[in-house]
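Taken together, the values in this text are just the output of simple stated rules run on the coordinates, not laboratory data. The structure presented is a predicted model; accordingly, all values stated were derived computationally and were not measured. Note that each Cβ is placed from the backbone with ideal geometry, even for glycine, and that neighbours are counted across all protein chains shown.
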Amino acid sequence: MSARLPGVPEAGDAVSVRLRPLRAGDLPAVLALERVLFPDDPWTPGMFAGELAQPSGTRCYLAAEETQEGNAIVGYAGMMLPGGRQAEVLTLAVAPAHWGKGIGSALLAALVDEAGKRDCTEMFLEVRADNARAQALYRRYGFTEVGVRRGYYQPSGTDAIVMRRSLTRRARAASAQRAGGGR
């Protein structure tokens, strides 16, 4: 069953999107997307609020905002940076009407770039075993399967594929250069 999200254009419509930090005021739109995209195991309001309350040095949450009609949130992504050299993608989602428009790629590229700026050497994520579309996106960005977590997603009991991407010194330097911190 698919649901139309209020304020989101139909597939095929031209869309102008910008990425910006996710804010607490975005949570109603994000939670609406969660319920559509992950009906069996959406994040709760408390989970999102808790993540946004974490110190900015340990988290990076982004909103993809459609800029032509009311600045609707059409996607979001989040990453944990617990210290050290690892980053973990915690969530990445795009409204179904916007699939295939490069929004997921832009969100993931921004997370990879941010991890590079923070001098991480590797990134991890879990993706549903039944989400071939997301797995393909992650593979395009250099993530490879390193394991499986059986029954990870609850209450559905769906397995999670654990994926990893190495961030080379060159990629980290390119991120620093784009940020204006290059030599």
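With the convex hull drawn around the C-alpha atoms of the stretch 95-152, the volume per residue stands at 100 Å³. Evaluated at q = 0.18 Å⁻¹, a Debye calculation over the C-alpha positions of the stretch 17-178 (equal weights, vacuum) places log10 I(q)/I(0) at -1.22.
Between ASP130 and ALA109, the FRET efficiency from the beta-carbon distance, with R0 = 30 Å, is close to 0.75. Gain on full extension, evaluated as 0.36 nm per residue between GLN68 and ASP41 minus their Cα-Cα distance, stands at 6.6 nm. Relative contact order of the stretch 17-178, taken over Cα pairs closer than 8 Å and 6 or more residues apart, is 19 percent.
Estimate the FRET efficiency between SER16 and VAL146 by the formula 1/(1 + (r/R0)^6), using the beta-carbon distance for r and 41 Å for R0, to the nearest 0.05.
The value I calculate is 0.65.
When the charge dipole of the stretch 17-178 is built from unit charges on Cβ atoms (+1 for Lys and Arg, -1 for Asp and Glu) and taken about the Cα centre, the candidate among VAL30, GLY46, VAL112 whose Cα reaches farthest toward its positive end is VAL112. Among HIS98, LEU62, PRO82, which residue has its Cα positioned farthest towards the positive end of the charge dipole of the stretch 17-178, with +1 placed on the Cβ of Lys and Arg, -1 on the Cβ of Asp and Glu, and the dipole taken about the Cα centre? Final value for the positive-end residue is PRO82. Rounded to the nearest 20, the size of the Cβ-charge dipole of the stretch 17-178 about its Cα centre is 700 debye, with Lys and Arg at +1 and Asp and Glu at -1. In this simple spin-label approximation, TRP99 and VAL162 carry label points 7 Å from Cα along the Cα→Cβ vector, and these lie 2.8 nm apart.
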